[in-house]
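Enquirer: Sharing a structure below in structure tokens format, with a few things to ask.
The values are calculated or read from the model by the stated rules, or taken from the named source; none is laboratory data. Please read all numbers here as calculations on a predicted model, not as lab measurements. With ideal geometry, Cβ positions are generated from the backbone for all residues, glycine too; neighbour counts draw on all protein chains shown.
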Amino acid sequence: MSNVLFLADFSVIKPDPGLIFWTTLIFLLVWVLLGRMAFGPIQSALKKRENDIQSALDEAKKARDEMAALHTKNEELMRQTQEERAKILKEAKETKDAIVKEAKEKAENEARKIVTNAKQDIENQRLAAMTDLKNQVGVLAIEIAEKVLRNQLDNKGAQEKLVDDLVKEIEMN
Amino acid sequence: MVKVDIRQLFVLVLALALTMAAAPAVAQHDDHSTEVASGAESHDDHNSHEAHGDEGEYDPVGTVMHHIADANEFHVWKGVHIPLPVILYAPEHGWTTGLSSMFEHGHTAVDGYVLNHGRINRVADASFPKGEVHISHIAHKMVVTAEGDTTDAYFATYEGKDYALDAPSTLDGGMMGGGITSFYDFSITKNVFTMILAALLLIFIFNAVARGYKKNEGKAPSGIQSFFEVFFVFIRDEVSRPMIGEKHYERFQPFIMTLFFFIMFCNLMGLIPFFPGSANVTGNIAVTLTLAVFTFFVVNFNGKKDYWQHIFWMPGIPGWVKIILTPVEILGLFIRPFSLMVRLFANISAGHIIILSLIGLIFLFGENGTNTGGAAAGAVVGGLFTAFMNLIELLVALLQAFVFAILSASYIGAAVEEHHHDEAHAH
């Protein structure tokens, strides 16, 4: 088989206008139909999904950060609360102590006052009793002295001696 | 303003180029007439038989060429064919439509059209009767053309007289042995049928995928959706985005995806060895030419000011270099889609030819059915190699679709890119 013969049989290298026409038509149809129907929507769907995934990741990260911030805040709050509690407890203790101390002082004062009053009363009673006793003793002394004098003055020398003793006593005072 | 002007200029140049390309193709028609070589050996070639397993002689090259060629019917097995619609146009006669079964495999001529080896041919002779006529057979002869080359020609024998048959018109301008003949074949051929099937399959599958995105909105993908999402994301992230750039890639993603999947499905359909596969769609230059032209148009209609400036008056280099570079760049404009066309066509055709050759070993070793042992050896060796080749072809089917898509994307990327003139220009 000569080369020419080979080429003559090799029909696929000869572009057939009918085949060109149909290829053009079919390819255009596929291009337009698939572009409209499939490739366009698929492209936008893929893009949307990628964006969705990215925003979901971003949101998750944001939420995590927020959680962490919230956690820190909670801890701070807890710490503050504990401080507050400790402070309140301390204050309450102080108040209690103050009240107890005050009450004690008041009671002591009262007691002292009562004691003082009682002493006063006792003193007063004692003085009254003393006055009374003195008066009684005076009266008794006068009565005794009257009886003695009546006995002694019956004798003249005894009288003179008495007067002398009295005088002496006065002089000594 | 500048961009629009350049675009108009581009269309003008393109139209001019097409006119000039068409001229020799038409001129070719005149010297396409052949004369029967006197005393050339002529062997009758009954069309009811297939090219292989004919009258004893096994013709490996003819068989392979017949199998990779387009056809107007689907050959299922010996004697069983699936007819396809035919749409034929002859300038002097008008349109003829029907089913390829009406030709009865070369025994009936309809309006001068006959089926020769699965392909429609036409009797150009005006004296041949119109309507349905019975022809005795189709003859194959060696003829000498006006230039003195020997070539093979086919003749329809009707009432003892041989009428020369014209093959369908092709647009190679006679360079590849074709040219404009007396009729054009716009039929739903085997290749067109396979392409329609691939297109329907694509539409059906991607409709389901797109529905999945609606159904599973805001949810994880499922089923067929997740299977094709891998491809979509791969083409987007490995092809469109790096090649075209972040700014423009979304606009071209449907085109790149359509290219990739259309080519891949056609390639894979071609690997199915029986109906509805087996058609050598992407191994036919008409198909790859069309796809390359699509890329060419998409690239050049989206060319930015920088792109045209880099072609016609490259900035940043001395004037005398520009005089050399500009023609090179203008040539490059056409060489790029041309390389796309040839690469895909050659790869897929070569794959089909290799597989068919390996299968042909069975018939060669079997010495046309006389040597059973040889046929068995051929079957083992050929079968193993074919299995191996099929795996390679599976890879090639994916790879070539990917290569076509990534190169188209890179050409588009070069067209829409906004250059920074301080950086080195890679070419």
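Enquirer: So residue B:356 clears everything in (1) among the hydrophobic types (A, V, I, L, M, F, W, C); (2) under 20 Å from the mean Cα position of the chain (by Cα); (3) surrounded by fewer than 16 Cβ atoms within 10 Å (Cβ to Cβ); (4) farther than 30 Å from residue B:254 by Cβ except one condition, right? Which one?
Expert: Against the list (1) among the hydrophobic types (A, V, I, L, M, F, W, C); (2) under 20 Å from the mean Cα position of the chain (by Cα); (3) surrounded by fewer than 16 Cβ atoms within 10 Å (Cβ to Cβ); (4) farther than 30 Å from residue B:254 by Cβ, residue B:356 comes up short only on (3).
Enquirer: Right, next: Of all the residues that make up the range B:117-169, how many are touching a helix residue (DSSP H, G or I) at 6+ places or on another chain (Cβ under 6 Å) and farther than 27 Å from residue B:83 by Cα?
Expert: Qualifying residue count for the region: 3.
Enquirer: Follow-up. Answer with yes or no whether residue B:202 is closer than 23 Å to residue A:36 by Cβ, at pLDDT 95 or above and either assigned to a loop (DSSP other than H, G, I, E, B) or not polar (S, T, N, Q) (or both).
Expert: Criteria not met by residue B:202.
Enquirer: Just one of the numbered conditions (1) more than 30 Å from residue A:35 (Cα to Cα); (2) more than 14 Å from every other protein chain (Cβ to nearest Cβ); (3) assigned to a helix (DSSP H, G or I) is not true of residue B:352; which one?
Expert: Exception for residue B:352: condition (2).
Enquirer: Cβ-Cβ distance below 8 Å, separation of 6 or more or different chains: which pairs start in the range B:140-168 with a residue that is under 21 Å from residue B:90 (Cβ atoms) and of a type in the set (Gly, Ala, Ser) and end on one that is assigned to a loop (DSSP other than H, G, I, E, B) and at pLDDT 80 or above?
Expert: Hits for this filter: B:156/B:128; B:156/B:135; B:164/B:124; B:164/B:125; B:167/B:181.
Enquirer: Could you please give the count of residues in the range B:234-247 that are at pLDDT 90 or above and surrounded by 14 or more Cβ atoms within 10 Å (Cβ to Cβ)?
Expert: So the first thing to find is which residues in the range B:234-247 are at pLDDT 90 or above, and the list is B:234-244.
Add one more test, that the residue is surrounded by 14 or more Cβ atoms within 10 Å (Cβ to Cβ), and what stays is B:235-236, B:238-244.
Summing the residues that are at pLDDT 90 or above and surrounded by 14 or more Cβ atoms within 10 Å (Cβ to Cβ) in the range B:234-247 gives 9.
Enquirer: Further, regarding this structure: Suppose we filter B:67, B:81 for residues that are more than 13 Å from chain A (Cβ to nearest Cβ) and either touching a residue at least 24 places away in the same chain (Cβ under 8 Å) or at positive phi (or both); which single one remains?
Expert: Going through B:67, B:81 in turn, the sole match is B:81.
Enquirer: Hey, among the residues in the range B:142-187 that are of a type in the set (Phe, Trp, Tyr) and over 30 Å from residue B:290 (Cα atoms), which one's nearest to the other protein chains (Cβ to nearest Cβ)?
Expert: Per the stated criteria, the residue is B:155.
Enquirer: Going through B:135, B:120 one at a time, which residue ends up being within 20 Å of residue B:71 (Cβ to Cβ) and away from chain A (no Cβ under 14 Å)?
Expert: Only one candidate qualifies: B:135.
Enquirer: Looking at (1) part of a helix (DSSP H, G or I); (2) more than 10 Å from chain A (Cβ to nearest Cβ), which one does residue B:247 not meet, given that it meets all the others?
Expert: Tallying (1) part of a helix (DSSP H, G or I); (2) more than 10 Å from chain A (Cβ to nearest Cβ), residue B:247 fails exactly one: (1).
Enquirer: If you don't mind, another one. Residue by residue through the range B:273-309, note down the ones that are among the polar types (S, T, N, Q), assigned to a loop (DSSP other than H, G, I, E, B) and within 20 Å of residue B:396 (Cβ to Cβ).
Expert: Matches in the range B:273-309: B:278, B:280, B:282, B:284.
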